[in-house]
1. Taking the stated definitions as given, is Asp112 open to solvent by 60 Å² or more (accessible area, probe 1.4 Å), closer than 17 Å to Ser155 by Cα and not basic (Lys, Arg)?
2. Give Ala129, Ala93 a once-over and let me know the one that is in contact (Cβ under 8 Å) with a residue 12 or more places away in the chain and open to solvent by 10 Å² or more (accessible area, probe 1.4 Å).
3. Listed residues Leu98, Leu103, Leu118; which is out of contact with any Cys (no Cβ under 7 Å at 6 or more places or on another chain), of a type in the set (A, V, I, L, M) and modelled with pLDDT under 95?
4. Would you confirm, using the coordinates I've provided, whether Leu185 is aliphatic (A, V, I, L, M) and open to solvent by 40 Å² or more (accessible area, probe 1.4 Å)?
5. May I ask you to list the residues in the range 11-65 that are part of a helix (DSSP H, G or I) and open to solvent by 10 Å² or more (accessible area, probe 1.4 Å)?
6. Only one residue in Glu230, Glu219, Glu226, Glu210 is out of contact with any helix residue (DSSP H, G or I) (no Cβ under 9 Å at 6 or more places or on another chain) and under 16 Å from Gly145 (Cα atoms), so which one is that?
7. Which of the numbered conditions does Ile77 fail, given that it passes all the others? Conditions: (1) touching a residue at least 40 places away in the same chain (Cβ under 8 Å); (2) assigned to a loop (DSSP other than H, G, I, E, B).
8. Filter the range 186-235 down to residues that are more than 16 Å from the ligand (Cβ to nearest atom), of a type in the set (A, V, I, L, M, F, W, C) and not in a helix (DSSP H, G or I) and give me whichever is farthest from the chain's Cα centre (by Cα).
Amino acid sequence: MTPHLAAPKGAIAETVLLPGDPLRAQHIAEKFLKDPVLYNQVRGMLGYTGTYKGRRISVQGTGMGIPSANIYIHELIEFYGCKTLVRVGTAGAIQPHLRLRDLVIAQAACTDSSLIPLRFRGQTYAPIADFELLYKAYVQAKARGFPAHVGNVLSTDTFYPEEKEVYRPWAQYGVLAVEMEAAGLYTLAARFGVRALCILTISDHLLTGERSTPLERQETFDQMVELALESVVAS
Ligand code: HPA
């Protein structure tokens, strides 16, 4: 048990999918995992363990933003020995060539969070994905004909910025989309020597103001989950 996860050691698989929304964790467990067992309800942050194509897999909600997500990620790695962590989430596009429902496989993650300057005495660290997971996800996405982009994302601490102009420099330097957790995940994974990947679907376009409907979000979310599961069983 940890302060936030009421599961005995061994109840959580080495491979964990990490949606922000705990109800998405429940949806993934019920739709994709065989014999899912609920191991956590503390703070409503649902976590389940089951199997997918014979591989033991857990799915754990993380909440929104690096401070919340990193509590769960830290405890999963340090206390439960998790070795492969794949975030599945949504992002807002900041490049004109991205479309609603496209997939973004985050090769790296910039951040406006104090996470990195605090850990690195004001210097810049570049959090990156595990290459093998990234490669497998890209190959699986192409094989399925999913529109997938590989590149940099911005993990922001601010969902409602004062002005959208704050994204301009990131966009000018090629960042594809904005989300809220990947840089925290990649930094902790590096610190503890485990593998991590973040796969995102574009739920809204921050340049045009377009948003996908709840039904579209659900369908694209399911495609992304399938991609994440196939990538981890292949690697
Ligand atoms: N900002 C941060 N995270 C997000 C957004 C956004 O606009 N859209 C989806 N996730």
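The values are calculated or read from the model by the stated rules, or taken from the named source; none is laboratory data. Bear in mind that the values here come from a model prediction, so they are computed numbers and not experimental data. Reconstructed Cβ throughout: ideal geometry from the backbone, glycine too, with neighbour counts over all protein chains shown. Quick note on the areas: whole protein, heavy atoms, side chains included, nothing else; ligands and nucleic acids left out. Shrake-Rupley method; radii C 1.70, N 1.55, O 1.52, S 1.80 Å.
1. yes
2. Going through Ala129, Ala93 in turn, just one is in contact (Cβ under 8 Å) with a residue 12 or more places away in the chain and open to solvent by 10 Å² or more (accessible area, probe 1.4 Å): Ala129.
3. None of the other options fit; the residue is Leu118.
4. For Leu185, the condition - aliphatic (A, V, I, L, M) and open to solvent by 40 Å² or more (accessible area, probe 1.4 Å) - is not met.
5. Listed by number, the residues that qualify are Pro22, Leu23, Arg24, Gln26, His27, Glu30, Lys31, Phe32, Val42, Arg43, Gly44.
6. When all the criteria are applied, what remains is Glu219.
7. The number of the failed condition is (2).
8. Among residues in the range 186-235 that are more than 16 Å from the ligand (Cβ to nearest atom), of a type in the set (A, V, I, L, M, F, W, C) and not in a helix (DSSP H, G or I), the one farthest from the chain's Cα centre (by Cα) is Val194.
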